[in-house]
């Protein structure tokens with residue numbers, strides 16, 4: 001398989017079928033979907049049980065850890081494709097950029113970021129505090145720490161097999177693994193690319209974004225990026 005699409009879920013019964021339909025209609029790259037869930041009572045599984053043949057493989061993966069971090073990392077471990085892409089469980093509008101992301105990977109990019117903050121992308125409907133912090137961190141990391149992407153905190157991202165096999169994940173909470181892998185790959189000097197993506201505040205289901213809980217862990221990798229640029233840390237993680 002060329003691409004595994006990892007979707008961490010938590011009671012996404014109202015969202016998952018439209019997402020799968022969007023992938024079916026919008027992605028030409030051969031792919032498989034890994035649905036990563038916490039427990040057997042998740043209503044996502046009930047929705048999947050009534051779903052017909054989508055024309056691509058769907059693997060249901062029980063979270064061997066805890067929360068969204070555990071779900072994604074479990075998906076990485078189950079993945080055996082050339083690249084793995086993490087997709088939010090309510091994203092029905094970005095399927096059309098996945099082929100382009102995979103093409104960037106084929107061109108030598110180890111990480112391909114979906115960016116809300118470049119022409120063609122957008123971020124709409126976010127609470128003002130979340131929007132302010134996300135935009136401020138993105139601006140400073142790109143312009144001052146010189147990360148080669150404009151949206152370092154977006155969890156919608158493609159990772160090469162090399163990245164997943166060779167860069168250890170130290171994070172243990174939320175979606176912090178995504179910026180961790182990004183800043184470590186940057187320190188190693190690996191090629192990183194981005195494509196424009198859209199983002200809208202979810203209208204169904206419950207977000208697992210926890211700003212206060214994740215901030216200390218996020219700041220570790222935020223300053224790691226600055227250390228790479230200003231303390232001569234490039235080349236070794």
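If you go through segment 181-196, how many residues are assigned to a strand (DSSP E or B) and out of contact with any helix residue (DSSP H, G or I) (no Cβ under 7 Å at 6 or more places or on another chain)?
Step one: list which residues in segment 181-196 are assigned to a strand (DSSP E or B), which gives 192-196.
Checking the rest, the ones that are also out of contact with any helix residue (DSSP H, G or I) (no Cβ under 7 Å at 6 or more places or on another chain) come to 194, 196.
Number satisfying all stated conditions: 2.
Being within 16 Å of residue 157 (Cα to Cα) and either surrounded by 15 or more Cβ atoms within 10 Å (Cβ to Cβ) or touching a strand residue (DSSP E or B) at 6+ places or on another chain (Cβ under 6 Å) (or both) is the requirement here; does residue 31 meet it? The answer is yes for residue 31. Quick check on residue 120: is it closer than 29 Å to residue 32 by Cβ, assigned to a loop (DSSP other than H, G, I, E, B) and at pLDDT 95 or above? So residue 120 fits the description; yes.
Consider residue 145 carefully, then state whether it is in contact with a helix residue (DSSP H, G or I) (Cβ under 6 Å, 6 or more places away or on another chain) and either modelled with pLDDT of 95 or more or within 14 Å of residue 221 (Cα to Cα) (or both).
Values: in contact with a helix residue (DSSP H, G or I) (Cβ under 6 Å, 6 or more places away or on another chain): yes; either modelled with pLDDT of 95 or more or within 14 Å of residue 221 (Cα to Cα) (or both): yes.
So residue 145 passes the test.
Sort through 60, 24, 28 and tell me the only one that's farther than 17 Å from residue 90 by Cβ, outside any loop (DSSP other than H, G, I, E, B) and either under 17 Å from the mean Cα position of the chain (by Cα) or at pLDDT 95 or above (or both). It would help to see each step written out before you state the result.
Values: 24 fails: farther than 17 Å from residue 90 by Cβ; 28 fails: outside any loop (DSSP other than H, G, I, E, B).
Exactly one of 60, 24, 28 is farther than 17 Å from residue 90 by Cβ, outside any loop (DSSP other than H, G, I, E, B) and either under 17 Å from the mean Cα position of the chain (by Cα) or at pLDDT 95 or above (or both), namely 60.
Of the set (1) in contact with a helix residue (DSSP H, G or I) (Cβ under 8 Å, 6 or more places away or on another chain); (2) surrounded by 15 or more Cβ atoms within 10 Å (Cβ to Cβ); (3) within 30 Å of residue 1 (Cα to Cα); (4) modelled with pLDDT under 95, all apply to residue 126 but (3). Just one of the numbered conditions (1) within 17 Å of residue 225 (Cβ to Cβ); (2) part of a helix (DSSP H, G or I) is not true of residue 170: (2). Selection over segment 38-57 of residues that are more than 13 Å from residue 19 (Cβ to Cβ) and part of a loop (DSSP other than H, G, I, E, B) gives a count of 9.
When segment 171-192 is filtered for residues that are over 27 Å from residue 90 (Cα atoms) and surrounded by fewer than 20 Cβ atoms within 10 Å (Cβ to Cβ), the ones remaining, listed by number, are 187, 188, 189, 190, 191.
The values are calculated or read from the model by the stated rules, or taken from the named source; none is laboratory data. Just so you know, these numbers come straight off a predicted model, no measurement behind them. Positions of Cβ are backbone-derived with ideal geometry, glycine not excepted, and every protein chain shown enters the neighbour counts.
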